[in-house]
Amino acid sequence: MTPAHALEWDQFVDGHANATFFHRSGWRDIAQDVFGHRTHYLDVRRDGALSAVLPLVEIKSRLFGHALISNAFCVGGGPLANDEVSLAEVVGQAERLGRSLAVDYVELRDAPAAGPNWLARDNLYAGFEGPIAASEEENLKQIPRKQRAVVRKALDRGLTTSIDMGPESFFDLYARTMRDHGTPALPRRYFEQLFAVFGADCEILTVSSEGRPVSSVLSYFFRDRVLPYYTGSRLEARTLGANDLMYWALMRRAVERGCTVFDFGRSKVGTGPYSFKRNWGFEPRPIAHQYRLLGRKTLPDVNPNNPRYALLIQAWRRLPIPVANAISPMLSRSLA
């Protein structure tokens, strides 16, 4: 992909009604430069102009297999097309590429039906989003009464918020939370690269108590929406209501930036984060991932709810944070 092609790609994404932050060409640089993964950015043209795009990342892992994922390290980024014919063409390209590379499967995230030979998984994740009222008082009224009371209490505790344009304070909180969840953390360099590639469209909001950071969220901004994506917090954040204040402050920050939609992202159905988002008044939207199985016969199941990973998760939670942080980069590059 040349700079001129990247510009054309992003212009197509910016002009497409169904595009997301995860279709942007900058993800290619992150996958290659931070993780060393090979990328395959496919397109279809009509009369010389783009009519479909599909960002694919090739993941090779001894633990999790060999796959093409659109888009790796993202919750979305499946095929984006102007019409059904272009969609079928770019999906066909992906399948042929998968066969030529001898991958186990091709995965299209949050994508429309891809064809008769593709399998859909639509019962694992749900997405949550809703409007943000411009008025602070109306915004508070949008939050269900019980959750609104938690936010008001947090507002009365004297917690402070700040906007960070780098991952310094955020990363320590994030890495601690990932260790506590039993999951390898993405490397610090990944977050540094997010800021380098996406600039002001990537932002961190941190909540502090008596000058000490207690919770933090890294968000993406795309068009009229804000997408809180990575979070981290200390144990006392729950007692202080810091996480609740964090999301409320992010809503108000998003209004300052001209956003009208709060995209709360995806959560696994039936988990704590799923219930937390419903408590905020957001209704779940089923998310379907499409799979073309090529070198395997069953759908991949790389997620913490898989019983085969239970012992590994328990062991990871007992690691000292410096040890977990040292090992994480070797493992998280495959957890795409």
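Of (1) modelled with pLDDT of 95 or more; (2) crowded, with 16+ Cβ neighbours inside 10 Å, Val75 satisfies all except one. Which?
(1)
What pairs come out if I take residues in the stretch 267-281 that are assigned to a loop (DSSP other than H, G, I, E, B) and pair them with residues that are surrounded by fewer than 17 Cβ atoms within 10 Å (Cβ to Cβ) and of a type outside the set (S, T, N, Q) whose C-beta lies under 6 Å away, six or more apart or interchain?
Between residues of the stretch 267-281 that are assigned to a loop (DSSP other than H, G, I, E, B) and residues that are surrounded by fewer than 17 Cβ atoms within 10 Å (Cβ to Cβ) and of a type outside the set (S, T, N, Q), the close pairs are Gly281/Pro144.
Which condition number does Phe262 fail, the rest of (1) outside any strand (DSSP E or B); (2) closer than 15 Å to Gln147 by Cβ; (3) open to solvent by less than 20 Å² (accessible area, probe 1.4 Å); (4) modelled with pLDDT of 95 or more being met?
Against the list (1) outside any strand (DSSP E or B); (2) closer than 15 Å to Gln147 by Cβ; (3) open to solvent by less than 20 Å² (accessible area, probe 1.4 Å); (4) modelled with pLDDT of 95 or more, Phe262 comes up short only on (1).
Based on what the data block shows, is Phe222 modelled with pLDDT of 95 or more and open to solvent by less than 10 Å² (accessible area, probe 1.4 Å)?
Spelling it out, it is not the case that Phe222 is modelled with pLDDT of 95 or more and open to solvent by less than 10 Å² (accessible area, probe 1.4 Å).
Which residues, counting only those in the stretch 1-26, are of a type outside the set (D, E, K, R) and assigned to a loop (DSSP other than H, G, I, E, B)? Break it down into steps so the answer makes sense when it comes.
Taking the stretch 1-26 and keeping what is of a type outside the set (D, E, K, R), we get 1-7, 9, 11-13, 15-23, 25-26.
Residues satisfying the conditions are Met1, Thr2, His16, Ala17, Asn18, Ala19, Thr20, Ser25.
Is there a residue being under 30 Å from Asn306 (Cα atoms) and at pLDDT 95 or above anywhere in the stretch 3-20?
yes
Which one is nearest to Ser70 (Cα to Cα) among residues in the stretch 282-313 that are free of Cβ contacts under 8 Å to residues at least 12 places away in the same chain and assigned to a loop (DSSP other than H, G, I, E, B)?
The qualifying residue nearest to Ser70 (Cα to Cα) is Asp301.
The values are calculated or read from the model by the stated rules, or taken from the named source; none is laboratory data. Keep in mind that this is a model prediction, so the values were computed, not measured. Note: ideal-geometry Cβ built from the backbone for every residue, glycine included; neighbour counts use all protein chains shown. Ligands, DNA and RNA are excluded from the accessible area calculation, which covers all protein heavy atoms including side chains. Shrake-Rupley method; radii C 1.70, N 1.55, O 1.52, S 1.80 Å.
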